[in-house]
């Protein structure tokens, strides 16, 4: 099974990068294939520009990086998103990735009853996030953007249905012990 990571954090000294490194190490130990889409290090342009919007309804783009990412996703069976929750939402870089890469006729088609997802070859996904707020607060007061909008609407809309959300709360203010405990959890999840 080929795993693809979509990593959306600008700093490689971050806890998000430690999460990515932990997961990748487990896959390497198991001899599994993986690919990392590191949106910041690859200088992905998340802005949907006028020339792209002109092609949007046709499911096309002028951005060669979008086409490259689509080719990677075509060969993906497990999709892992790793990102911080900022302002109770996805980072702009990841939102731009969704806007530009998940195009019509690649990730979905429109039907009379709504979207029909085309990425059904992706058998499972994990959304691994970090936040300063506790997970219960994100669910209760943050409107639960991650679970309701990103997982149950966006990912489901493109055909990705078996999705697990794992969040590290109090990531900045918490103790090293708490962060290390979370990394052990990630280690177990990828075992």
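The values are calculated or read from the model by the stated rules, or taken from the named source; none is laboratory data. Only a predicted model underlies this, so the values are computations on that prediction, with no experimental measurement involved. Cβ sites come from the backbone with ideal geometry, for glycine too, and all protein chains shown count toward neighbours.
Mind checking whether some residue in segment 112-119 is surrounded by fewer than 18 Cβ atoms within 10 Å (Cβ to Cβ), in contact (Cβ under 8 Å) with a residue 12 or more places away in the chain, touching a helix residue (DSSP H, G or I) at 6+ places or on another chain (Cβ under 6 Å) and within 19 Å of residue 8 (Cα to Cα)? There is no residue in segment 112-119 that is surrounded by fewer than 18 Cβ atoms within 10 Å (Cβ to Cβ), in contact (Cβ under 8 Å) with a residue 12 or more places away in the chain, touching a helix residue (DSSP H, G or I) at 6+ places or on another chain (Cβ under 6 Å) and within 19 Å of residue 8 (Cα to Cα).
Among the residues of segment 152-187, the ones that are outside any loop (DSSP other than H, G, I, E, B) and either touching a helix residue (DSSP H, G or I) at 6+ places or on another chain (Cβ under 9 Å) or in contact (Cβ under 8 Å) with a residue 12 or more places away in the chain (or both) come to 17 in all. Being modelled with pLDDT under 95 and assigned to a strand (DSSP E or B) is the filter here; which residues of segment 112-133 pass it? Matches in segment 112-133: 114, 115. Name the single residue, out of those in segment 1-45 being buried (at least 18 other Cβ atoms within 10 Å of the Cβ) and assigned to a loop (DSSP other than H, G, I, E, B), that is farthest from the chain's Cα centre (by Cα). Out of the qualifying residues, it is 44.
Taking segment 68-99 as the range and being closer than 30 Å to residue 141 by Cβ, touching a residue at least 24 places away in the same chain (Cβ under 8 Å) and either out of contact with any helix residue (DSSP H, G or I) (no Cβ under 8 Å at 6 or more places or on another chain) or in a helix (DSSP H, G or I) (or both) as the test, the residues that pass are 91, 92, 93, 94, 95, 96, 97, 98, 99. Among the criteria (1) crowded, with 20+ Cβ neighbours inside 10 Å; (2) within 12 Å of the chain's Cα centre (by Cα), the one residue 76 does not fulfil is (2).
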